[in-house]
Amino acid sequence: MTEPTRTPTSAQAAFSLATPYRDVTCGELRADDVDREVRIAGWVHRRREHGGLTFIDLRDRHGLTQVVVNEADAPAAAELASRVRNEFVLAVTGKVHHRLPGTTNSKLPTGEIEVQASSIEVLSEANTPPFYINEPDAPVDESLRLRYRYLDIRRKPMLDRLLLRSALVKAVRDAHHRAGFVEIETPILIKSTPEGARDFIVPSRLQPGSIYALPQSPQQLKQLLMVSGMDRYFQIARCFRDEDLRGDRQPEFTQLDLEMSFVDEQRVMDFVEAMIVEVSQAVVPDRPIQQLPFPRIDYHDAIERYGSDKPDLRFGMELVDLAPALLGGAASGEAGSGEPGTGFHVFDEVLAAGGRVKAIAAPGMAGASRSQIDELTQFVRRYGAKGLAHVSVAADGTVHSPIGKFLGEERVAAAVAAVGAGPGDLVLIVADANAETVADVLGRLRQELGLRLGLADPNVLAYCWVFHFPMYQWDEELQRWDATHNPFSGVVPEDEKLLVTAAGDPHNVSHEDPAGRARAMQYDIALNGWELGGGSVRIHKRDLLERSFALQGYSYEQMHERFGAILEAFDFGAPPHGGIAMGIDRWAALFSYQTNIREVMAFPKTQSGTDLMLGAPSEPEADQFKELGLAFVGLESPGQ
Ligand code: ASP
């Protein structure tokens, strides 16, 4: 038997887009190809007849080519062409011709030529699609798009987004391989790895009564790979979290997950930043990155200035503490009145209770109507504020405020100056005894107005780091500390001494524990107001990890039951290590100007977790539960 010969040309042919059905794709032919005999294949995008001529735009994912069938030259092909409908799949043989002068289409890469068909073969017929595939801007109900996702993906907007996503993942892989990372897959059937959500579980048939959990992230496995000496790992990892869905959430989603050994925070952030810049420039070269190197903002600063740990830095409108201005007014101008405080009892009570009075200046909104102010008041109430005070600065600089009579002219002027409001601006003030509410509400208001007022350039990519998050936050209900990010995060070295309880016993936790002040070696990357990713340098010593787990409410037995593998592994020589995970779906959505990650997923689920195309979830087959020894007994309140 002779071996098939392998020549460079045959390898080239194997990699080319030519196949037995086509010589070239529908996007390839140019004026240089005139007079070539070619075969192309694709879907009928549009068909029209014009005095003995049938024009067919043939489409594949590479482009569109105009086919002309002349009844006089090719009667059999013309007869077939008269019967084809949109979305039929054809193979066309013909000769490439220049289009007639005046009929070229400069918007189309193939717009100078057409293929004059000598024969047509119908490879597949098609029903009338449930929506227009050839009208990219036609509004289509989303549930119809999801039900017929394979048709939706034929449409240009979806196609372009999936191509962008593919380019994004490729650029990510390229950058990591160049930086010495090894791509490793980790299992989907694992033991619970908590990331703060509910697990999806899979009952085991071989071990009845036991379950696997689908990974909320590969966190423990990637850390174990560092103990293996793998040094640098990455994965385009599918993660599963059973939580209520929002615009930027899906029950399964994709993370770029990475981990590095022998690193500190700076080193991880440096790599990730360089990788992000490279990927952005490769995928969306026309979109400017606002600031390089990326701003690095301490968590407390981010909350103080932007009311958010994922600030949108495309615009200013920073949150300003009005207390100094309001109290300063009393001290100087009105000291004679003998009246301490701000003059306004609501603010005074808030400040006396340790709360905050903060404001933003909304540019150009001084003329806001009563109903606009009411609407903003409703907005802040939705997020927990008790009310919204305002001061408007008219074009001539005069100020008006319903609370002006309490504060007095000087304090109002001082507040306007403190927040940097100029003529035409509207100062919006939130006061609350709970400082977190003030930050959160004003942060949301800032973001909302930034977008409404068009202050955020949609083209700009404003990446920023937020770092030094608190290690823990107090869980009032469960009376324990919760990791703010993930339970394995390391503590900033100078704060290690704070990982103790007031009672001395690490298992006896209280709100007063010094641990509440400890900062984590945790960093998040934000892009245009979205959290794009987060990671940390980890604890790599067993005793410290046990201390941290104890603060998080785990008994010794529980921590060993849940995290035994990693605790044990740390006894076998663990390198200092750290990493991050970034949302590929979110990144692709932001790159393609979308606010919903469904728009960059081939087959996403609806808000209620349904796959409308496949009809999942669905009832099990009769035997499936039986084999697993399960029976469905119903729920008191389904879906809770
Ligand atoms: N596992 C974390 C997450 O999914 C990311 C990390 O810390 O690397 O958010």
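Which pairs have Cβ atoms under 7 Å, sit 6 or more apart or on different chains, and link a residue in region 86-103 that is modelled with pLDDT of 95 or more to one that is of a type in the set (Asp, Glu) and surrounded by 15 or more Cβ atoms within 10 Å (Cβ to Cβ)?
Val96/Asp33; His97/Glu114; His98/Glu112; Arg99/Glu112; Arg99/Glu114
Residue-by-condition table, conditions (1) in contact with a Cys (Cβ under 8 Å, 6 or more places away or on another chain); (2) within 16 Å of the ligand (Cβ to nearest atom); (3) touching a residue at least 24 places away in the same chain (Cβ under 8 Å):
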{"residue": "Ala126", "(1), (2), (3)": "no, no, yes"}
{"residue": "Asp137", "(1), (2), (3)": "no, no, no"}
{"residue": "Arg147", "(1), (2), (3)": "no, no, yes"}
{"residue": "Arg173", "(1), (2), (3)": "no, no, yes"}
{"residue": "Ile188", "(1), (2), (3)": "no, yes, yes"}
{"residue": "Pro194", "(1), (2), (3)": "no, yes, yes"}
{"residue": "Val202", "(1), (2), (3)": "no, no, no"}
{"residue": "Gly209", "(1), (2), (3)": "no, no, yes"}
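Name the single residue, out of those in region 129-150 being of a type in the set (Ser, Thr, Tyr) and part of a helix (DSSP H, G or I), that is farthest from the chain's Cα centre (by Cα).
So the first thing to find is which residues in region 129-150 are of a type in the set (Ser, Thr, Tyr), and the list is 132, 143, 148, 150.
Next, only the ones that are part of a helix (DSSP H, G or I) stay: 143, 150.
On the way: Ser143: 22, Tyr150: 23 Å.
Filtering first and then ranking leaves Tyr150.
Any residue in region 12-41 that is in contact (Cβ under 8 Å) with a residue 24 or more places away in the chain and under 12 Å from Val92 (Cβ atoms) sitting within a Cβ distance under 7 Å of a residue that is among the acidic types (Asp, Glu) and in a loop (DSSP other than H, G, I, E, B)? List the pairs, counting only those 6 or more apart or interchain.
Hits for this filter: Val38/Asp23; Arg39/Asp23.
Of the residues that make up region 236-243, is at least one of a type in the set (Gly, Ala, Ser) and either in contact with a helix residue (DSSP H, G or I) (Cβ under 7 Å, 6 or more places away or on another chain) or without any contact (Cβ under 8 Å) to a residue 24 or more places away in the chain (or both)?
In the first step, residues of region 236-243 are kept if they are of a type in the set (Gly, Ala, Ser); the result is 237.
Next, from what is left, pick out any that are either in contact with a helix residue (DSSP H, G or I) (Cβ under 7 Å, 6 or more places away or on another chain) or without any contact (Cβ under 8 Å) to a residue 24 or more places away in the chain (or both): none.
No, that holds for no residue.
Go through region 257-313 and report how many residues are within 16 Å of the ligand (Cβ to nearest atom) and among the polar types (S, T, N, Q).
Total meeting the criteria: 1.
Let's see how each residue does on (1) of a type outside the set (Phe, Trp, Tyr); (2) more than 30 Å from the chain's Cα centre (by Cα); (3) surrounded by 22 or more Cβ atoms within 10 Å (Cβ to Cβ):
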position: Met521; (1), (2), (3): yes, no, yes
position: Trp530; (1), (2), (3): no, no, no
position: Val537; (1), (2), (3): yes, no, yes
position: Ala550; (1), (2), (3): yes, yes, yes
position: Tyr554; (1), (2), (3): no, yes, no
position: Gly578; (1), (2), (3): yes, no, yes
position: Arg586; (1), (2), (3): yes, no, yes
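Looking only at region 48-88, which residues are farther than 17 Å from Ile113 by Cβ, in contact with a Phe, Trp or Tyr (Cβ under 7 Å, 6 or more places away or on another chain) and part of a strand (DSSP E or B)?
If the condition is that a residue be farther than 17 Å from Ile113 by Cβ, in contact with a Phe, Trp or Tyr (Cβ under 7 Å, 6 or more places away or on another chain) and part of a strand (DSSP E or B), then Arg48 is the only one that fits.
Can you find, within region 212-242, the residue that is surrounded by the most Cβ atoms within 10 Å (Cβ to Cβ) among those that are assigned to a loop (DSSP other than H, G, I, E, B) and more than 13 Å from the ligand (Cβ to nearest atom)?
Going through region 212-242, the residues assigned to a loop (DSSP other than H, G, I, E, B) turn out to be 214-218, 228-231, 241.
Add one more test, that the residue is more than 13 Å from the ligand (Cβ to nearest atom), and what stays is 214, 228-231.
Numbers: Leu214: 21, Ser228: 13, Gly229: 9, Met230: 17, Asp231: 16.
Filtering first and then ranking leaves Leu214.
Inspect all residues belonging to region 251-264 and state whether any of them is among the polar types (S, T, N, Q), in contact with a helix residue (DSSP H, G or I) (Cβ under 6 Å, 6 or more places away or on another chain) and crowded, with 20+ Cβ neighbours inside 10 Å.
Going through region 251-264, the residues among the polar types (S, T, N, Q) turn out to be 254-255, 261.
Pick out the ones that are also in contact with a helix residue (DSSP H, G or I) (Cβ under 6 Å, 6 or more places away or on another chain) and you get 254, 261.
Checking the rest, the ones that are also crowded, with 20+ Cβ neighbours inside 10 Å come to 254, 261.
Among the residues of region 251-264, at least one is among the polar types (S, T, N, Q), in contact with a helix residue (DSSP H, G or I) (Cβ under 6 Å, 6 or more places away or on another chain) and crowded, with 20+ Cβ neighbours inside 10 Å, which makes the answer yes.
Residue by residue, here is whether (1) on the phi > 0 side of the Ramachandran plot; (2) aliphatic (A, V, I, L, M) holds:
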site	(1), (2)
Asp396	no, no
Gly408	yes, no
Val412	no, yes
Ala418	no, yes
Val430	no, yes
Glu436	no, no
Phe467	no, no
Asp475	no, no
Thr484	no, no
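The values are calculated or read from the model by the stated rules, or taken from the named source; none is laboratory data. Since we're looking at a predicted model, the values are computed, not measured. FYI the Cβ positions are ideal-geometry reconstructions off the backbone, even for glycines, and counts take in every protein chain you see.
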